[in-house]
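Notes for the one structure printed next.
The values are calculated or read from the model by the stated rules, or taken from the named source; none is laboratory data. Computed from a predicted model, the values in this text were never measured in an experiment. When we count neighbours, we look across all protein chains shown, and the Cβ atoms used for this are built from the backbone with ideal geometry, even at glycine. Areas reflect the complete protein model, heavy atoms only, side chains present, ligands, DNA and RNA absent. Shrake-Rupley method; radii C 1.70, N 1.55, O 1.52, S 1.80 Å.
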Amino acid sequence: MAAVRRRAPALLPVALLPGLGILGYLYFTVSYPTSDGDVLKASYMLTTAPGWALGFGLACDRIAARGPRWGLALAAVLAVIALLSLPFLVY
């Protein structure tokens, strides 16, 4: 986080967005507890999706930049994750 602040201060809000979103979500769920869990909705986290996407893309880019072996390992891990996610498409 400190490295982002030094290199590009304009990117700091984007870097803080996922963490602030999680804190806000946790605050909301603790403030309004229900016995059936109805207050826990994934749509409340949609505002943090751009920050998560940028962070994920940056991490993949840095891993792939380490060399072709790391890039292949990253592609294999992402393929396995995609295969594991397929059953959730039919729900």
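Values for this structure:
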| item | result |
| --- | --- |
| Boolean, residue 19 is at pLDDT below 85 and open to solvent by less than 60 Å² (accessible area, probe 1.4 Å) | yes |
| Only one of 71, 67, 57, 51 that is at pLDDT 80 or above and touching a helix residue (DSSP H, G or I) at 6+ places or on another chain (Cβ under 7 Å) | 71 |
| Per-region count, the stretch 35-77, residues more than 22 Å from residue 22 (Cβ to Cβ), surrounded by 11 or more Cβ atoms within 10 Å (Cβ to Cβ) and not charged (D, E, K, R) | 9 |
| Close pairs (9 angstrom Cβ cut-off, 6 or more residues apart or separate chains): closer than 16 Å to residue 57 by Cα and free of Cβ contacts under 8 Å to residues at least 40 places away in the same chain in the stretch 71-91, open to solvent by 70 Å² or more (accessible area, probe 1.4 Å) and among the small types (Gly, Ala, Ser) anywhere | 71/65 |
| In the stretch 54-69, the residues that are hydrophobic (A, V, I, L, M, F, W, C) and assigned to a helix (DSSP H, G or I) | 54, 56, 58, 59, 60, 63, 64 |
| Boolean, residue 32 is surrounded by 11 or more Cβ atoms within 10 Å (Cβ to Cβ) and modelled with pLDDT under 85 | no |
